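Undergrad: Structure below; questions to follow.
Just so it is clear, none of the values below were taken in a lab; they were calculated from the coordinates. Not measured: the values here are computed from a predicted model. Cβ sites come from the backbone with ideal geometry, for glycine too, and all protein chains shown count toward neighbours.
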Ligand code: HEM
C-alpha cells in the first residue's frame, strides 16, 4: 500500500487557509474591564526567571486572581483584533476550568492566540479537540500508557538510564553540558522506541519538537517569524511520520505507528495526516517536558542539597513522593488555554462565550493557599496536588506515568552513581509556553 498524502494540506498555505474547518467563536472586548496594570503578556515578563515571575503572579493571586490581560506579545500569529484573555493564577480556578470541559473547550486552540484550524489539526491532534472526537483519538494511544504497559517497559527505561549515566561517569570527574549529555537522552530514546523511530531520525525529531515549544525564543527564531518556525518544525515532523508510515505499511512492527495505521474510529482508518499530527503532538509532549524537568530538578538539588541527601538516604521508599515535588517545582508547561462556550463566572468575573481563559500552571503550583512555603523544594511534601500535568479532566497528561517512570530511573542512576554535583548558571528558554533549560554546566564527581 502506498503512503496516502492526499489528506495533507499544502504547508505553505497553513497560515492563509482558504476555509476553516473549525467554527471559531469570536471573543469581544464588550463588557470587559480595562486590561490589568499588572501585565503578564509582555516579552519582558517572560524573559524573567520563574522566581521573578512568581512575584508578579503572587501579586495577582492576592489582588486580582482572575485578571483581564492584553494579548500576549509573543503570539504565533499576532492579531490586531484580539481583545485579550482572562488569566487564571489560582490553583482552585485552574482545576475548576480544567475539569469543566463542557463550559471551557479546547477545540478553539490551547495556546494564547487563535491559530488557523489546519494548524491545530496538523500539530496538536486531540490536545486541541473536544469530546467525542478527543476521547476516541486519545483512546487509540492510551493503551500504550497504562500503568501495566509502563511497567512492562520499565526494564528498557532502566537500561537506557543506566547507559546514559555510564557515558556520563566515563567523562568524570569534571564538567559537562548537562542537557545534551544527560537530560534529553532518555525521553528521546523512549519516545523513539514507542513510535519505532529509526535511530538516524531521532536527533532531527528531537530538534524539531524542541522548536515547536520554543517558537518565541530569540535563538530559535533567528531571522524567522514565529509562524515560520512552527510550520517548518511541524513539516519536518510530518515528513518523518510519512516516511515511517510507509515503512510500517511494508513491514509492520510492534510500535505506535503500526497500531495507528491499523486503528479504526467509527469504522474508518486514520489518514496519514492525522497519524502525522498524533506524532507531532506526542513528540512535543513527550520529549521536552521530561528533559526540562530533569534539568530543573538537578538545579533544585544543587540549591537544596539537604533534599538530595534526604532522598538518597532511602531512595526507593521516598522517590514516589519526591517525584511529585520534581514536577511541581519544575512546572515545565507554563500555560494552556480554554475557550468559554457558556456565560459563567470565575472569581466574581463574568466570563462570556468566546472569551479566552488561560491557565498559568506555575502560578497554581506556587499558590500558598494550597502549598505551604511554596518556594521551598520539599521532597517529602505530601499531599502534593500540583497542576504540573494539568488540573485534571479530559486532557490530563496522558504521559504522566511514563514521565514519572523515566524520572525515577534517571535519578536512581544519577544520585547513586554521581552523588556529588553542582550546576552552573543555566541558559533558560525565552518562551511563554515551556519553562526550560537550553544548556547548563554540570560539575560532578562519580562515586568512588
Ligand atoms: C514531566 C513531564 C510532563 C509534563 C509536566 C506534562 C504536562 C502536560 C500538561 C500540562 C498537559 C495538558 C493538561 C491539560 O490540558 O489539562 C499535558 C497533556 C498531554 N501530555 Fe504531558 N507532560 C509530561 C510528559 C508527557 C509525556 C512523557 C508524554 C508522552 C509520551 C505526554 C503526553 C501528553 C499528551 C498526549 C497530552 C494531551 C492529552 C489530552 O489532550 O488528552 N506528556 N501534559
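Undergrad: Please label the shape of segment 167-246 as rounded, prolate or oblate, based on the square roots a ≥ b ≥ c of the eigenvalues of the alpha-carbon gyration tensor (a/c under 1.5 means rounded; beyond that, a/b larger than b/c means prolate, else oblate).
TA: Oblate, since a/c reaches 1.5 and b/c is not below a/b.
Undergrad: When a/c reaches 1.5 or more, the comparison of a/b and b/c decides; with that in mind, is the chain rounded, prolate or oblate per its Cα gyration tensor?
TA: oblate
Undergrad: Below 8 Å, C-alpha to C-alpha, sequence gap of six or more: please give me the relative contact order for the chain in percent.
TA: Here the relative contact order equals 25 percent.
Undergrad: Okay, next question. Just report the Cα centroid separation between segment 133-147 and segment 319-373, whole Å.
TA: Between the Cα centre of segment 133-147 and that of segment 319-373, the gap is 24 Å.
Undergrad: Among 216, 397, 234, which comes first, second and so on when ranked by fewest other beta-carbon atoms within 10 Å? Before the final figure, lay out the partial values.
TA: Values: 216 21, 397 17, 234 25.
So the residues, fewest neighbours to most, are 397, 216, 234.
Undergrad: Follow-up question, since we're still on this one. For the chain, what does -39500 (n - 2.57) per DSSP helix run (n ≥ 4), summed and divided by total residues, give at 222 nm, in deg cm²/dmol to the nearest 500?
TA: -14500 deg cm²/dmol
Undergrad: Ranked by Cβ crowding within 10 angstrom, fewest neighbours first, how are 439, 138 ordered?
TA: 439, 138
Undergrad: Provide 296, 127 in ascending order of the number of other Cβ atoms located within 10 Å of each residue's Cβ, fewest first.
TA: 127, 296
Undergrad: Now for a separate question. Can you give the relative contact order of segment 180-301 as a percent, counting alpha carbon pairs under 8 Å and 6+ residues apart?
TA: With pairs under 8 Å counted, the relative contact order is 38 percent.
Undergrad: Stretched out fully, how many nm does the piece from residue 313 to residue 224 gain, at 0.36 nm a residue minus the Cα gap?
TA: Residue separation times 0.36 nm, minus the Cα-Cα distance, leaves 27.1 nm.
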